[in-house]
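Inspection log for the structure reproduced underneath, given as structure tokens.
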Amino acid sequence: MEGMRYSPRFPVLKSPSFTGRLHDARTATAVGRLLGTALTVCFVTGLVSHVLQHPPAVFANALPSRPAWGYRVTQGLHVASGIAAIPLLLVKLWTVYPRLFVRPPVRSVPHALERLSVAVLVASALFELFSGLFNTAQWYPWPFSFVPVHFAVGWLLFGSLLLHVAVKYPQITAYWRRRSAGTAALPAEDAVDRRALLVATGAAVGAVTLTTAGQSFTPLAGLDLLAPRHPGHGEQGLPVNRTAARAGITAQALRGWRLYVGGPQPYELTLDELRAMPQREVTLPIACVEGWSKSARWTGVCVRDLLDRAGAPEGALVRVTSLQQHGAYRVMIMPHTYARDPLTLLALRLNGEVLSPDHGFPARIIAPNRPGVLQTKWVARMEAL
Amino acid sequence: MRVARVVLGVCGVAFIAVGVWVLGRGAEDPGQVARWVVGPLIVHDAVMAPLTLLVGLVVARLPARRAVRGGLLVAASLTAVACPVLFRPGPLPNPSVLPLSYARNWLLALGLVAATTLVAALAGARARRRDRTGRK
């Protein structure tokens, strides 16, 4: 870890000396490659999530609706790899900490640039893991929106990681294996201690993973001690993000509810008329951007049947509008790939019961491979564009 | 190899440029973003790392230093991950957010780590004793 804290105007403090063991390149390489793998998984799955949630214009009507479990896996991995990276990052920084005090602080322009890039790498890594972890608990101590800043700093992190690997390539190869030339030149008596540290690091990764992964990987629900969500908690067997009360849904707003379906032949349906249409049952997960997910049984009307009845063209984007008063996702745009998928429902029932108000009564969208915030609740209008 | 390094480095710089561009294009206050991105770096380098090294000075002198270091590392990682669920202030949006008894769960996890550390330390001491007597 190197920063750019050198300023020629101030007297430089006497550099500390480090006599402790394992602040060496072999330990840094062994931990660094695990950390690099975790951060790469985190970056790629983060990009997937961003594209699915805020699609760029080229993908706006072409996102894949399959595999149905896709977003559940990628977003579960995003949060799990970020959590696994926390102990890896702390051990990596501990290993290279003495490099912060390297003398002279700046040897040349390339050296200064390298130290600057390492400062960007460390700062962005700490920020991404800290802000992502806090977001999973819906705790926002910073005065800006989480999503755009977490997204932008993710690019800084992955870019400075690639640059770091390029700069350190000779050292990484020299210390890659236990028998590599660089490793062989290190004091042999450190090997046992190093192995113990790597085992402990693996145990730390295992511990934080096992105690949190149950929020999305339900077979581990019994070990879910520290995750912000638990699959066993939530109305009708499913956790909730935005409740009816917080969305501003009142009994008054629902009185005389009718679904409006727009297209070349627009029409309206009452709840009874919707219930009289052919119903389909599907098993699909709600997968939240915060990492938790759970599968559920949904019953309702195929969205494509509703669109066909309005004479909507096959390739049309669909705009879905909720009755909710608050929140950024009142209006949701659905690519035709989802709207035409036979698994995509306007659901009326959840796990065999009529939807509860917090799950979107009277009707909500459930589609495969989509972030939870786009599974619009309290649907009032569906229009082919 | 040289080509791979150059390609990797150029991609890295390009990705950093994308990040800066996305940040600059956004509506967020750059001063606040800088404060919150640099803040954790300063807290880590100036507070957390020196404290860890001080603890390390003590641990290095203990008879079962490897087991103790491992136990402390696992406990510290669990604590770091539990911080937001343990200390989140303010009312919760609904009962399915943070539904567990996190303080109890965290203590339970640390208890398990302490027990495992003790077993590992005893096993290590026993193995060392056997080593010594075997060599005599």
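On the given criteria, is residue A:333 under 24 Å from the mean Cα position of the chain (by Cα), within 17 Å of residue A:262 (Cβ to Cβ), modelled with pLDDT of 95 or more and surrounded by 24 or more Cβ atoms within 10 Å (Cβ to Cβ)?
no
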Identify the residue in segment B:19-33 that is surrounded by fewer than 16 Cβ atoms within 10 Å (Cβ to Cβ) and aliphatic (A, V, I, L, M) and, among all such residues, is modelled with the lowest pLDDT. B:27
Do we have residue A:289 as within 17 Å of residue A:75 (Cα to Cα), outside any helix (DSSP H, G or I) and of a type in the set (A, V, I, L, M) here? yes
Residue under evaluation residue A:127, criteria (1) more than 8 Å from chain B (Cβ to nearest Cβ); (2) over 19 Å from residue B:9 (Cα atoms); (3) in contact with a Pro (Cβ under 9 Å, 6 or more places away or on another chain), criterion not met: (1)
Matching option when the condition is assigned by TED's automatic domain parsing to the domain that holds residue A:36, β-branched (Val, Ile, Thr), part of a helix (DSSP H, G or I) and at pLDDT below 95, among A:199, A:208, A:192: A:192
Going through (1) touching a residue at least 40 places away in the same chain (Cβ under 8 Å); (2) touching a strand residue (DSSP E or B) at 6+ places or on another chain (Cβ under 8 Å) one by one, residue A:244 fails only at (2)
Name the helices (runs of 4 or more DSSP H) wholly within segment A:216-283 that hold at least 2 residues that are assigned by TED's automatic domain parsing to the domain that holds residue A:325 and at pLDDT below 95? A:244-247, A:251-254
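For every residue, the table says whether it meets (1) within 30 Å of residue B:14 (Cβ to Cβ); (2) at the interface with chain B (Cβ under 8 Å from one of its Cβ atoms); (3) in contact with a Gly (Cβ under 6 Å, 6 or more places away or on another chain); (4) touching a residue at least 40 places away in the same chain (Cβ under 8 Å).
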site	(1), (2), (3), (4)
A:159	yes, yes, yes, no
A:163	yes, yes, yes, yes
A:184	no, no, no, no
A:191	no, no, no, no
A:196	no, yes, no, no
A:199	no, yes, no, no
A:209	no, no, no, yes
A:214	no, no, no, no
A:229	no, yes, no, yes
Quick check on my filter: what residues within segment A:86-122 are more than 11 Å from every other protein chain (Cβ to nearest Cβ) and either hydrophobic (A, V, I, L, M, F, W, C) or more than 18 Å from residue A:160 (Cβ to Cβ) (or both)? A:102, A:103, A:104, A:105, A:106, A:107, A:108, A:109, A:112
Which members of segment A:136-154 meet the condition of being more than 9 Å from every other protein chain (Cβ to nearest Cβ) and within 16 Å of residue A:43 (Cβ to Cβ)? A:147, A:150
Would segment B:40-61 turn up any residue that is more than 22 Å from the chain's Cα centre (by Cα), of a type outside the set (Gly, Ala, Ser) and within 30 Å of residue A:197 (Cβ to Cβ)? yes
So which residues in segment A:113-155 are in contact with a Gly (Cβ under 8 Å, 6 or more places away or on another chain), farther than 19 Å from residue A:96 by Cβ and aliphatic (A, V, I, L, M)? A:133, A:149, A:152, A:153
Quick one: which of A:290, A:281, A:268, A:235 is among the acidic types (Asp, Glu) and buried (at least 21 other Cβ atoms within 10 Å of the Cβ)? A:290
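Would you check which residues across segment A:292-307 are assigned to a strand (DSSP E or B) and of a type outside the set (Val, Ile, Thr) and list them?
Matches in segment A:292-307: A:293, A:294, A:295, A:296, A:297, A:298, A:300, A:302.
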Kindly provide the set of residues from segment B:1-28 that are within 23 Å of residue A:142 (Cβ to Cβ), more than 7 Å from chain A (Cβ to nearest Cβ) and small (Gly, Ala, Ser), ordered by number. B:24, B:27
Residues that are touching a Phe, Trp or Tyr at 6+ places or on another chain (Cβ under 7 Å) and within 25 Å of residue A:81 (Cβ to Cβ): does segment B:88-110 have at least one? yes
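One line per residue, one yes/no per condition, for (1) surrounded by fewer than 20 Cβ atoms within 10 Å (Cβ to Cβ); (2) of a type in the set (A, V, I, L, M):
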{"position": "A:154", "(1), (2)": "no, no"}
{"position": "A:161", "(1), (2)": "no, yes"}
{"position": "A:164", "(1), (2)": "no, no"}
{"position": "A:169", "(1), (2)": "yes, no"}
{"position": "A:173", "(1), (2)": "yes, no"}
{"position": "A:186", "(1), (2)": "yes, yes"}
{"position": "A:189", "(1), (2)": "yes, no"}
{"position": "A:193", "(1), (2)": "yes, no"}
Just one of the numbered conditions (1) hydroxyl-bearing (Ser, Thr, Tyr); (2) within 21 Å of residue B:42 (Cβ to Cβ); (3) surrounded by fewer than 22 Cβ atoms within 10 Å (Cβ to Cβ) is not true of residue A:108; which one? (2)
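The values are calculated or read from the model by the stated rules, or taken from the named source; none is laboratory data. Fair warning: this is a prediction, and the values are worked out from it, not measured in the lab. Cβ sites come from the backbone with ideal geometry, for glycine too, and all protein chains shown count toward neighbours.
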